[in-house]
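Read the structure below first, then the notes.
The values are calculated or read from the model by the stated rules, or taken from the named source; none is laboratory data. Small disclaimer: the values here were computed from a predicted structure and weren't measured. In this analysis, Cβ positions are derived from the backbone assuming ideal geometry, glycine residues included, and neighbour counts consider all displayed protein chains. Note: areas computed on protein heavy atoms with side chains; ligands, DNA, RNA excluded. Shrake-Rupley method; radii C 1.70, N 1.55, O 1.52, S 1.80 Å.
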Amino acid sequence: MIVVTGATGNVGRPLVRALAAAGERVTAVSRHPSDELPEGVRHRRADLADVESLRPVLEGADALFLLIPGQGAHPPDVLDAAKAAGIRRVVLLSSQGAGTRPRARSHDPLRGYEDAVRRSGLEWTVLRPGGFASNAFAWAPAIRSGRTAAAPFGDVALPFVDPDDIAEVAAVVLRDDGHDGRTYELTGPVAISPRERARVIGDALGEPVRFVEQSREEARTQMLGFMPEPVVDGTLDILGEPSDAERRVSPDIGRVLGRPPRGFADWVARNLAAFA
Ligand SMILES: NC(=O)c1ccc[n+]([C@@H]2O[C@H](COP(=O)([O-])OP(=O)(O)OC[C@H]3O[C@@H](n4cnc5c(N)ncnc54)[C@H](OP(=O)(O)O)[C@@H]3O)[C@@H](O)[C@H]2O)c1
């Protein structure tokens, strides 16, 4: 049995679907209930920040897909609980920044989880995705109502990754041998700027989407509404002044899946209803 935390999120949803379709027994975990799971998948409510709520959920599982929650969790406790429950393999969803900006304050939780996973004594694989294509959902209300999209650093391009590709990689490394002790960096096939992403959505809609360039301060104020301050500043640093490593297209999705990563237009085509 495979336990998927973050099971109702952008990565967790397709991961649960892929594992269930492959015939795995899956326990889908999130704090809130879910009524959108494939048939046969059981859902359990638990909070990664409350290790006692996790213990019964982990019992009897072989493998764990582990999300890094916003705050409050103590990573070694989560890994100890996994071991005590008999889990043999853990796949951690970390972030590219853990490798490219190892000293950034915003990445303290990533370091805590990566260290705990590597020291756990379990078989482990760390996934380090760059920015998600699904971050464009933040534009959906303004695109639906006024065909506009606002973002800072309009011409700075990064290789945004499709969450479905992350899920597909996760499904492979959870099920197959040969990925123990590996850290995979997951990106899209090409770097694409916010202005270009708005244009791609407009092309798919058949109507232009006007791009509005925000100042860093305007974007910061908006992001503070749903992200902690160090994460906002760390994210804006990457979006505004990415390093060469952050602009680079990684070969890892191609290596694991045997096909190139999906591009942004592909993600938009599958999610067009959100913007129409
Ligand atoms: N977006 C990016 O550009 C980006 C880039 C690199 C890495 N990441 C990382 O990717 C991860 C997931 O992204 P996503 O887009 O799939 O997230 P998402 O769509 O926001 O979904 C988060 C999932 O985790 C669950 N969850 C959140 N906190 C939890 C907790 N304390 N205990 C148990 N479950 C919890 C949520 O359900 P409930 O709310 O019901 O619990 C939901 O199922 C995050 O850790 C993020 O840091 C994101």
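Within the stretch 99-126, how many residues are near the ligand (Cβ under 9 Å from one of its atoms) and open to solvent by less than 50 Å² (accessible area, probe 1.4 Å)?
So the answer is 1.
Counting only residues that are open to solvent by 40 Å² or more (accessible area, probe 1.4 Å), within 13 Å of the ligand (Cβ to nearest atom) and in contact (Cβ under 8 Å) with a residue 24 or more places away in the chain, which one in the stretch 48-71 is nearest to the chain's Cα centre (by Cα)?
67
Report yes if residue 21 is modelled with pLDDT of 95 or more and surrounded by 15 or more Cβ atoms within 10 Å (Cβ to Cβ), otherwise no.
No: the conditions fail for residue 21.
What are the residues in the stretch 37-47 that are away from the ligand (no atom under 14 Å from the Cβ), open to solvent by 50 Å² or more (accessible area, probe 1.4 Å) and in a loop (DSSP other than H, G, I, E, B), if any?
If the condition is that a residue be away from the ligand (no atom under 14 Å from the Cβ), open to solvent by 50 Å² or more (accessible area, probe 1.4 Å) and in a loop (DSSP other than H, G, I, E, B), then 39, 40 are the ones that fit.
Among the residues of the stretch 177-230, write down those that are of a type in the set (Val, Ile, Thr) and either part of a loop (DSSP other than H, G, I, E, B) or on the phi > 0 side of the Ramachandran plot (or both).
187, 190, 209
How many residues, within the stretch 127-142, are open to solvent by less than 30 Å² (accessible area, probe 1.4 Å) and within 12 Å of the ligand (Cβ to nearest atom)?
6
Out of the residues in the stretch 246-276 that are open to solvent by 40 Å² or more (accessible area, probe 1.4 Å), assigned to a helix (DSSP H, G or I) and out of contact with any Leu (no Cβ under 9 Å at 6 or more places or on another chain), which is nearest to residue 101 (Cα to Cα)?
Looking at residues that are open to solvent by 40 Å² or more (accessible area, probe 1.4 Å), assigned to a helix (DSSP H, G or I) and out of contact with any Leu (no Cβ under 9 Å at 6 or more places or on another chain), I get 255.
What residue, of 165, 180, is of a type in the set (Asp, Glu) and open to solvent by 20 Å² or more (accessible area, probe 1.4 Å)?
Result: 180 is the single residue among 165, 180 that is of a type in the set (Asp, Glu) and open to solvent by 20 Å² or more (accessible area, probe 1.4 Å).
Name the single residue, out of those in the stretch 18-36 being assigned to a helix (DSSP H, G or I) and without any contact (Cβ under 8 Å) to a residue 24 or more places away in the chain, that is nearest to the ligand (Cβ to nearest atom).
Across the stretch 18-36, the extreme among qualifying residues is 20.
Which residues, taken from the stretch 74-94, are open to solvent by 40 Å² or more (accessible area, probe 1.4 Å) and over 12 Å from residue 123 (Cβ atoms)?
Of everything in the stretch 74-94, those that are open to solvent by 40 Å² or more (accessible area, probe 1.4 Å) and over 12 Å from residue 123 (Cβ atoms) turn out to be 74, 76, 77, 80, 84, 86.
Please go through the stretch 128-162 and pick out each residue that is in a loop (DSSP other than H, G, I, E, B), in contact with a Ser or Thr (Cβ under 7 Å, 6 or more places away or on another chain) and within 30 Å of residue 115 (Cβ to Cβ).
130, 159
Out of curiosity, is residue 194 buried (at least 19 other Cβ atoms within 10 Å of the Cβ) and farther than 30 Å from residue 1 by Cβ?
yes
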